[in-house]
Amino acid sequence: MQSYDIIIIGGGVVGSAIARELTRYQLSVAVLEKESDVCTQTSGRNTGMLHAGFLYKTGSLKAQCCVEGNREFDQVARELDVPFKRTGKLIVGFTEEHRQRLLAMIERGRANGVPGMELIDRTRMDEIDPSAGGNFAIHCPSSGILDPFIYTIALAENAVKNGAKYHLYTEVTGTEYLPDGRHVLHTSRGDFACRWVINSAGLHSAEISAMLGIPGYVIQPVKGEYFVLDKKAGAFARIPVYPAPTERNTFDTHATPTVDGNVLVGPNSFNVEDGEDYSVRQIGMDGLQESGARMFKHMKREYYIRTFAGARPKRINPATGEIQDFLIERPEQAPSVINLVGIESPGLTSALPIARRVVKLLQEKETLQPNPAFDPTRRGIVRFHEASREEQARLIAENPDYGEIVCRCETVTRAEIIQAIHNPLGVCTVNGIKVRTRASMGRCQGGYCETRITAMIREELHKAVTDVRLTNGDSAMFTGYVKGGEQA
Amino acid sequence: MMHKQAVIVGGGPAGLAAALRLKEKGVNDLLILEREQKLGGILRQCIHDGFGLTRFGESLSGPEYAQRFIDQVQQAGIDCITDCTVLDITGDKLVTAASREHGLLQIQADAVLLTMGCRERTRGALATPGTRPAGVYTAGVAQNYINLQNIMVGREVVILGSGDIGLIMARRMTLEGAHVKGVYEVQPYPSGLPRNIEQCLNDYDIPLHLSHTVVDIRGRERLTSVVVAQCDERFRPIPGTEEEIPCDTLILSVGLIPENELSLAAGVELDPRTRGAFVDEHCQTAIPGVFAAGNVLHVHDLVDFVSLEAEALADSAAEYLLAGSLPACPLEVKAGSNVGHVIPQRISGTRPFTLSLRVRQPLNNVSIVVRQGDREVLRKKMRKALPAEMIQLPIRAEKLTDSADMEVCVE
């Protein structure tokens, strides 16, 4: 049985941030992730916003962690080589009622410690982004956009670099205590033992919590659908544009540029039973087209390149249905457990502040020795597309694989794909390559490069054709060879 | 930095034919840039026959058709760099490309020939609802796996769209032992050629369901089923007509889009109807010395016409390079009633040219009428005109005037 000091259940952005922060100390740390990669669920299915923190109740963990995470992110992005832009954000209004709500929002932002928020008129809006809809707006300069896939991957890779172990395709099915007080976790890949368990299971955090002996929490998955628009539309989008909040203090459809130059339109928001049902609905798309066009003047059919959906695991009060704050606890009834429930938006912004609070809860119970070898930095794959012409020439001269363009839409080279195939986490799916390199994320959606990428996965990892997977579970790309093709 | 009289972007059927004709016309300093390891473009994966009937009077496979041009290009000693992707073209005709062997190339060209072909429309562009499992392929991607890599993509197959590649793949997968359950086309008529409907579907008892589309895609890991529904005349699914079809593979053949990202980078303006460049009768874009032909200009249904168009381009490009300029084309060619698009969009009114057009919907017993003002330039009766079949009409110089715009109508 494999044994660790600490096992983290769930390798999303929060689990990976916790793993990374724990490797600052002399501890053996493992992450159990049931999927094929670290960002296939909530952590990879969102708007990619670095939130400012004006939306959350003053004094709440959501407000504290978000403001803290926002403030430090320039340094985090530098340390971990995460694509990030501090764009600021517009929250636009059309009516007097909206104006009142926006003014209240500025007040809350000030109370939460969000810097620089102000109400601006249409003239200022036109200076900032003429394609934004609305008559007036809040300008919040501290908001930003980041690549949520790369951020999650970067935290995980940095954790691995500092000694953490990732176990993919490993689903926890039951837990028990050993006589010596340690835990045994039963999983789809055998048993694991550990002194501490950290529940960071996102959509499944209430189930894992109950498994660990802390029943009673309820997670309500709230699903949202999105459109991804072509970079041609991205040329018109300078800054995330959100509508004035609804009466329930939530946001309807917004238009957000991505760090790569696309535009996300969405999400809508509705309760679902099954948080992992990521299908999109026609009615949802129709609604996004209509409401998206109010926020973003270039919301056009010809710019569609993809749709996707995600779900926010909201912790609700089972009696009232009211949405509750992040829960970060070390409960008395379950020794050696740190329990995280209801980590939803702004979880991406809050991941490292949450992780530090977990470490603090641990330090209240035992003295942690610093890891002298800890290195907070991680470098990503050098992207040909982002290099200057001189650098491109040098890259090819040093490694001819940089001269072979595999994905023409996003200009991704063979060198980048090979680095992604041999990633430190051992992810080997087509989507795993995609989120690490952007290959197939462009307008042809893999029409040109997918056939090459699957061939490279087979060659580099010596895989049979039937073992090439698109993403999670048994998502086999192929059924075999053509007649006589195996010999050919 | 290298200098070339002509740089040809793409070594598929259009680029190869253009290169050969340029050489024949005495333009010797030319270079073909091809991103694949071999010349031939998409023809390499089109192993079915039916190519070359017009040009060679015999039925060739795609690779055979391409090879005839490749052999001649090699015999003529025309420079080619394969495994070389063009990254950028400027309005001043500076071409930047990346190659394993040659590194980052910068080539100043006197003329640039855009022959990049087209790409397939995707599920994302259609925004088809449902999940995103493995097993959803565009027809060309499936064709690449099956014909170039010997890999089978699935066994129980539904095809959305009746484009020619989808029809070809219906037959190809059937021959490989897959069960093709049906082809679903949103329009009330097929978008592929009649001969492909006959030879690829009817000969194999594969049903074609017109006015139908896929309204849901199901399965979390691998595709498990699709839901199809009948559509009204505005292509909206009719509630109550949904039917779930178990399958592990969905092939999309829902349209081709000229691949013009490099053209846009150079500043070439695109026609929203063809999604290719606006060109004059010389196949010249609004940028002097930048030419386009083949599927990058407008999607063709037969490769024979791609080769012809590229040769016409090369005639003009040779004149541009050797004489220094081409006659101005101040007259506009407009697509009138029932006409989807026309190529070229501008003419001189003094020289002969080939007019290409497609009708908007299937029509019987019609006349194609070409007018300049009150003057009827050409009238051609057709018993049948289909959107799937490009119509090409040679226009003689003596019928033209240089003083009025042109309109093309189907009456």
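All of the numbers you see were taken from the coordinates with simple rules; none came from a lab. Quick caveat, the model's predicted, so the values are computed rather than measured. So basically every Cβ, Gly included, is an ideal-geometry build from the backbone, and we count neighbours across all protein chains shown.
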ask   = By count of other Cβ within 10 Å, fewest leading, how are A:427, A:13 ordered?
value = A:427, A:13
task = Could you calculate, for the stretch B:329-411, the ratio of the Cα radius of gyration to the Kirkwood radius, expressed as Rg to Rh?
result = 0.95
Acute angle (nearest 10 degrees) that the helix B:13-24 long axis makes with the longest principal axis of chain B, alpha-carbon atoms = 20
request  = Kindly state, as a whole number, the per residue volume in cubic angstrom of the convex hull around the alpha carbon atoms of the stretch A:384-467.
outcome  = 90
note = Per the C-alpha gyration tensor (a ≥ b ≥ c, the square roots of its eigenvalues), chain A is rounded if a/c is under 1.5, else prolate if a/b beats b/c, else oblate; here it's oblate
request  = Please state, rounded to one decimal and in Å, the Kirkwood hydrodynamic radius that the stretch A:15-157 gives when every pair of distinct Cα atoms enters the mean of 1/r.
outcome  = 16.9
note = Expected sort for A:74, B:271, B:280 with the fewest Cβ neighbours (10 Å cutoff) up front is A:74, B:271, B:280
task = Please report the Cα spread of chain B along all three principal axes, rounded to whole Å, starting with the longest.
result = 63, 58, 38
note = For the pair residue B:233 and residue A:290, the simple spin-label estimate (label points 7 Å beyond Cα toward Cβ) gives in nm 2.5
ask   = Which of B:263, B:82, B:239 sits closest to the plus end of the dipole of chain B, meaning its Cα is farthest towards the positive end, when Lys and Arg get +1 and Asp and Glu get -1 on the C-beta?
value = B:239
Of A:34/A:434; A:57/A:300; A:434/A:463; B:334/B:399, pairs whose Cα-Cα distance is over 25 Å = A:57/A:300
message = Please compute, for the alpha-carbon atoms of the stretch B:122-254, the extent along each of the three principal axes and give them in descending order in Å.
response = 40, 36, 24
remark   = With residue A:341 itself left out, Lys, Arg at +1 and Asp, Glu at -1 over residues whose Cβ is under 12 Å from its Cβ give -2
request  = Using DSSP to define loop residues, name the GluC sites (Glu not before Pro) in the stretch A:148-241 whose beta-carbon has at most 16 other beta-carbon atoms within 10 Å.
outcome  = A:171
ask   = Quick one: helix B:62-75 against the long Cα principal axis of chain B, what's the angle to the nearest 10°, folded into 0 to 90?
value = 20
task = For residue A:283 paired with residue A:301, estimate the spin-label separation in nm (one decimal), with each label point 7 Å from Cα along the Cα-to-Cβ line.
result = 2.2
query = Between residue A:121 and residue A:72, what length in nm is gained on full extension when 0.36 nm per residue of separation is reduced by their alpha carbon distance?
reply = 14.7 nm
message = Once R0 is set to 56 Å, what does the formula 1/(1 + (r/R0)^6) return for the Cβ-Cβ distance between residue B:396 and residue A:399, expressed as a FRET efficiency to the nearest 0.05?
response = 0.45
Order of A:291, A:209 under a 10 Å beta carbon neighbour criterion, fewest first = A:291, A:209
query = Could you state the number of Å between the C-alpha centres of the stretch A:203-252 and the stretch B:1-71?
reply = 51
request  = Would you mind working out the magnitude of the charge dipole of the stretch B:122-254 relative to its Cα centre, with +1 at each Lys and Arg C-beta and -1 at each Asp and Glu C-beta, to the nearest 20 Debye?
outcome  = 400
message = Which one, A:431, A:415, A:400, is farthest towards the positive end of the dipole of the stretch A:384-467 when Lys and Arg carry +1 and Asp and Glu -1 on their Cβ?
response = A:431
message = Using only the alpha-carbon atoms, how far is helix B:164-175 inclined from the longest principal axis of chain B? Give it as 0 to 90 degrees, nearest 10.
response = 50
request  = Take the alpha-carbon centre of the stretch B:101-153, take the same for the stretch B:155-182, and report the distance between them in whole Å.
outcome  = 19
task = Hand me the GluC sites (Glu not before Pro) from the stretch A:284-363 located in a DSSP loop with no more than 14 other Cβ atoms within 10 Å, in residue order please.
result = A:322, A:332
note = One finds, for residue A:474 and residue B:175 with R0 = 35 angstrom and r their Cβ-Cβ distance, a FRET efficiency to the nearest 0.05 of 0.80
message = Using the basic label-point model (7 angstrom from Cα toward the beta carbon), what is the residue A:104 to residue A:79 distance in nanometres?
response = 3.8
